[in-house]
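Everything on this sheet refers to the single structure shown next.
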Amino acid sequence: MLLAAGMALWLLNHPYAGIWHDARIYTLLAVHWLNPIPFAADPWFHGGSADELSLFAPVYGTLIKWLGISAAAKLMTLVGGFAWAVATWLLSLTCFERRPAAFIFFALVSVPLTYCLGKPVFVLAESFVTARLFAIPLSIAGLVAAIGGRFRTGLVLQLLGMLFHPLMSVWGLLAVICLKLSDRVVVALAALTLGIVAVMFMNPADIAFLRIMDPEWQAAVKASAMVVFLDPWPKIAINDALWWFSVLLFAGHFGLLKLRRLYQVVCLISVLALLVSLITSYFLPVVFFLQAQFWRALWLAVLLGFVAAMDVGWLALKTGGSVGKGIAGLLVVTFLFRDWGGGLVLFLAFCVWSIKSRQILMLVENRTSVVARVAWMLVIGALACVLPDLLMDIWILFELPKASAQGLIENMVLMVSATFFYTVIPLLLWSCLTALKTGQRYAGIFAASVSGLFFLVGIGLWDQRSDLKRYEESRYHRGGNRDMFPGLIQPGKQVYWNGHVLRVWFDLGTSSYVSSEQAIGIVFSEVRMKEVKRRLERVLLKSREPLAEHPMLPDGVLLDARLSEIASWNRSPLNLHAYEKTELVTRAGLRSLCRDPQLDFVIDTMNLGGWSISEYTEMVRNKKITYYLYDCRKLPKGMGS
């Protein structure tokens with residue numbers, strides 16, 4: 001019954017918004033797996049494709065073949081949410097007694113935990129179809145098996161997770177392996193990693209995987225990808241990560257005995273990964289490490305850090321007394337203010353305790369102390385990389401008490417109201433379901449009724465797609481629809497449709513010439529980055545309205561003018577996501593765009609009087625929209641205007 005209630009909480013707190021975010025690319029990979037020919041010319045597949053190494057595309061593609069794109073995406077997301085609920089339920093039950101296990105479980109399925117430094121780009125439990133939906137639960141299940149002493153089962157589950165998303169599950173695999181190794185071996189592996197980083201400073205040109213990223217490629221990735229490079233030094237939001245590291249170190253000494261080594265191992269792995277990310281972001285942009293995205297290890301630190309906080313807090317409250325209440329209060333307050341100095345406060349508290357108790361500064365017989373000591377030193381090393389930002393956090397910390405009491409109260413009220421569904425509702429549901437004793441009369445019926453009611457409400461409210469999104473996704477078909485421009489656009493032809501790349505892929509069933517979405521993941525292919533950039537630069541020229549008084553200017557001059565225009569919006573002219581705008585195409589712009597022999601067709605709502613070869617009208621939100629199809633090989637001769 002508690003599992004059903006937890007799934008209901010996931011449904012309520014993770015509404016389905018359709019195919020968006022990374023789901024767009026994963027769906028493209030799936031339909032490409034089904035039939036690669038129509039998408040062979042798409043720039044997203046220039047330089048290779050990641051789906052060749054993943055089990056996700058075949059699984060998702062098979063469902064698309066059976067159910068269609070829209071239904072398959074929705075079902076995969078729902079199954080992924082159920083997998084998250086089962087994995088976190090198993091983790092909670094394995095580690096804790098029933099009542100605290102239910103509390104931690106309800107929190108994990110409700111609270112949106114982000115693991116990007118200062119950026120809410122990725123959360124642990126996502127509500128759109130991605131490979132991460134399955135890789136993370138498999139990794140959690142592997143950790144559960146390892147905690148229970150089933151090491152081989154844990155390894156198999158971690159390896160299965162890597163078949164879905166290696167960049168995520170590799171950290172769970174390392175954690176399971178380190179649990180089996182001695183402290184000396186774990187510390188030696190950490191030293192080896194730091195040694196490789198030291199070798200990078202020598203810039204050995206003959207070692208291929210230590211190649212430094214090309215400056216043009218690096219600039220495009222920095223400006224276009226939010227998560228590959230950490231924020232420009234010294235502005236990096238490390239306070240959030242610092243809170244997770246600190247609570248893991250605390251729990252490594254105060255938490256449940258069977259979990260202490262896991263807490264410390266995860267802390268060591270994640271802080272070492274963050275340190276490598278800091279070095280590669282600020283000093284040595286090595287291609288291998290940037291593509292491996294070591295910062296993703298933070299997902300493990302966030303997950304186990306959340307469990308560790310619940311573990312220590314529950315034990316503190318169970319112990320009672322002023323000390324126990326003080327520890328629980330410290331965890332709650334620093335968690336709420338972890339972005340404004342809370343992480344620093346908790347870390348300093350751990351440092352003070354460590355020095356006073358001499359647990360870190362001295363080697364003792366406790367086999368976890370060596371790992372904790374190394375992890376503690378690595379956290380200090382990471383802080384040294386961001387010292388200016390750390391000083392800013394300290395300043396903010398001392399400025400907080402000066403804020404008006406009314407302002408702080410208003411912020412707290414807004415925080416509670418904004419988080420009602422994943423704080424108050426789970427707490428009430430947990431109190432209601434766990435207050436009943438197992439043998440009490442009608443307890444099971446009552447629990448089943450409440451859980452079932454919440455589940456039905458969750459299912460009913462889960463799909464939050466807009467009417468426009470529902471309409472567009474209803475048209476998606478793995479082979480493309482044939483009612484739009486029938487017989488004119490053959491599969492494999494390249495089409496540019498401004499702002500509608502998903503309809504090119506899944507409605508027309510063919511290759512997209514270029515779009516902002518195709519700039520996703522350019523860190524994995526320099527070839528693709530250059531080709532997407534070249535095409536997006538041509539897209540910038542499709543509308544010459546701001547320079548209509550100079551229609552004969554060369555494309556190079558016009559491109560510089562458009563890039564300067566982007567810079568005037570306080571956006572980097574190197575950000576490829578800023579190139580595609582919603583301006584309508586003009587005759588001169590269409591001619592400029594169609595000079596590229598790679599482009600076959602352009603679809604636009606602008607009627608260029610007799611230039612189009614066909615048109616298609618549809619009703620969207622009770623409004624008629626007409627799209628005009630332009631064949632780049634059949635444009636009228638002459639310059640046009």
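The values are calculated or read from the model by the stated rules, or taken from the named source; none is laboratory data. Here the structure is a predicted model, which means the values were calculated and not measured. Cβ sites come from the backbone with ideal geometry, for glycine too, and all protein chains shown count toward neighbours. We work out accessible area using only protein heavy atoms, side chains counted, and drop any ligands, DNA or RNA first. Shrake-Rupley method; radii C 1.70, N 1.55, O 1.52, S 1.80 Å.
Assorted remarks:
- Convex hull volume of the C-alpha atoms in region 1-113, normalised per residue: 127 Å³.
- Using 0.36 nm per residue and subtracting the Cα-Cα separation, the extra length available between Val457 and Ile212 on full extension is 83.0 nm.
- By average C-beta atoms within 10 angstrom, highest first, the peptides 150-163, 82-95: 82-95, 150-163
- Note that region 308-323 has calculated 3J(HN,Hα) couplings of 4, 5, 5, 4, 5, x, 5, 5, 5, 5, 5, 5, x, x, 5, 5 Hz, one per residue in order, obtained from phi through the Karplus relation 6.51 cos²θ - 1.76 cosθ + 1.60 (θ = phi - 60°); glycine and proline are x.
- As a calculated quantity, the FRET efficiency between Leu257 and Leu468 at R0 = 60 Å, using C-beta atoms, amounts to about 0.65.
- For Cys116, the residues whose amide H sits under 5 Å from its own are Val121, Phe122, ignoring neighbours fewer than 5 places away on the same chain, with H placed 1.01 Å from N.
- Close amide H partners of Gln494, meaning residues 5 or more places away or on another chain with modelled amide H under 5 Å apart, are Asp600, Phe601.
- Here the ratio of the Cα radius of gyration of region 97-176 to 2.2 N^0.38 Å is 1.16.
- Calculated SAXS-style log₁₀ I(q)/I(0) at q = 0.14, 0.24, 0.28 Å⁻¹ - region 483-524, Debye, Cα scatterers: -0.32, -0.79, -0.99
- For region 502-515, the Karplus equation 6.51 cos²θ - 1.76 cosθ + 1.60, evaluated at θ = phi - 60°, returns couplings of 5, 6, 5, 5, 10, 9, 7, x, 8, 6, 8, 4, 5, 6 Hz by residue, with Gly and Pro reported as x.
- Report note on the peptides 261-270, 212-221: ranked by the mean count of other C-beta atoms within 10 Å, highest first, their order is 261-270, 212-221.
- Amide hydrogen neighbours beyond the local backbone of Tyr16, cut-off 5 Å, H modeled: Asp463, Gln464
- Positive contributions from Lys and Arg (+1) and negative ones from Asp and Glu (-1), summed over other residues with Cβ under 13 Å from the Cβ of Leu290, come out at +1.
- Cα-based convex hull, region 300-349, per residue volume (Å³, whole number): 64
- Legend: residue pairs Lys222/Lys493; Lys493/Lys637; Lys493/Lys581; Lys119/Lys530; Lys542/Lys637, Cα-Cα distance threshold 20 Å; pairs beyond threshold, Lys222/Lys493; Lys493/Lys637; Lys493/Lys581; Lys119/Lys530.
- Put the Cα centre of region 592-631 next to the Cα centre of region 446-467 and the gap is 42 Å.
- Label-point gap, in nm, between Thr605 and Trp353 - each point 7 angstrom along Cα→Cβ: 5.9
- Our coupling estimate for region 107-116, obtained by passing each phi through the Karplus curve with A = 6.51, B = -1.76, C = 1.60 and θ = phi - 60°, is 5, 5, 7, 10, 6, x, 8, 8, 10, 9 Hz, Gly and Pro reported as x.
- Per residue accessible area of region 7-135, 1.4 Å probe, in Å²: 32
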